[in-house]
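Take a look at the structure below.
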């Protein structure tokens, strides 16, 4: 069976580190050509050179901050200028924070919504019609297990991921008849720079759900190939989402509020900075 990625062009946002970088590494090993986008030109340039040399693929770099107003529109224009058909989009760029909403930086919160939701919608609307016209390709949206329930102390982040989850599921149903894939990939804790940026220290219970970036991406790509619309990698993470689905909502939110409040208090006591 032919590899759906071999010889194709894949646009990856947030490609300079973490899951984005891992997507780039695994896809290039499968002979996909890459358009790598993030804010850090030096990191992207180095990654593009390494992957092109290692796997004999073409790798382009487009530097853009999707958290800025108009950032997604600018990225679309930059990619269009390359005159390259985007066969697959990995919409990975995003961030979160763990803190009381009323104490958080308002611009940080607004930018989170722009990056996690608005940019994702804009990129989908720009590239998906072309995929549908060619009757092939698709999109992987990075959601999260946090999107399956309200999450006090990560209020905005969890809400943005709930948006991504529902948006992706609905979009998948719309385009399935046009032979286009849309997957909401919903990882649990993954050891990347995300936790540090969000001011998060994993608690003992959360560590049981940890899955490496390499394994998360490997399973995510397999789910995308299998045309799943939602996928939660890891047995523990899957069980957690099922438990939340069937437990009373008020009970779930109250329990999470207590656990997150205690975790936040420990983070603050340790003197770690929180946005």
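The values are calculated or read from the model by the stated rules, or taken from the named source; none is laboratory data. The structure presented is a predicted model; accordingly, all values stated were derived computationally and were not measured. No Cβ is skipped: glycine too gets one built from the backbone with ideal geometry, and neighbour counts run over all protein chains shown.
Of the conditions (1) in contact with a helix residue (DSSP H, G or I) (Cβ under 6 Å, 6 or more places away or on another chain); (2) touching a residue at least 40 places away in the same chain (Cβ under 8 Å); (3) part of a loop (DSSP other than H, G, I, E, B), residue 57 clears all except one; give me its number.
(2)
Got a sec? Which of 91, 169, 104, 97 is over 24 Å from residue 224 (Cβ atoms), under 17 Å from the mean Cα position of the chain (by Cα) and in contact (Cβ under 8 Å) with a residue 60 or more places away in the chain?
97
So for segment 50-69 (the condition being within 26 Å of residue 172 (Cα to Cα), crowded, with 24+ Cβ neighbours inside 10 Å and at pLDDT 95 or above), does at least one residue qualify?
For segment 50-69, residues within 26 Å of residue 172 (Cα to Cα), crowded, with 24+ Cβ neighbours inside 10 Å and at pLDDT 95 or above: present.
Which members of segment 70-110 meet the condition of being surrounded by fewer than 20 Cβ atoms within 10 Å (Cβ to Cβ) and within 26 Å of residue 218 (Cα to Cα)?
84, 85, 95
Please verify whether segment 170-178 includes one or more residues that are in contact with a helix residue (DSSP H, G or I) (Cβ under 8 Å, 6 or more places away or on another chain), under 23 Å from residue 11 (Cα atoms) and surrounded by 17 or more Cβ atoms within 10 Å (Cβ to Cβ).
yes
Test residue 198 against the criterion of being at pLDDT below 85, under 16 Å from the mean Cα position of the chain (by Cα) and within 19 Å of residue 20 (Cβ to Cβ), and give yes or no.
Yes: the conditions hold for residue 198.
Among the residues of segment 23-33, write down those that are surrounded by fewer than 23 Cβ atoms within 10 Å (Cβ to Cβ) and assigned to a helix (DSSP H, G or I).
Answer for segment 23-33, where residues must be surrounded by fewer than 23 Cβ atoms within 10 Å (Cβ to Cβ) and assigned to a helix (DSSP H, G or I): 25, 26, 29.
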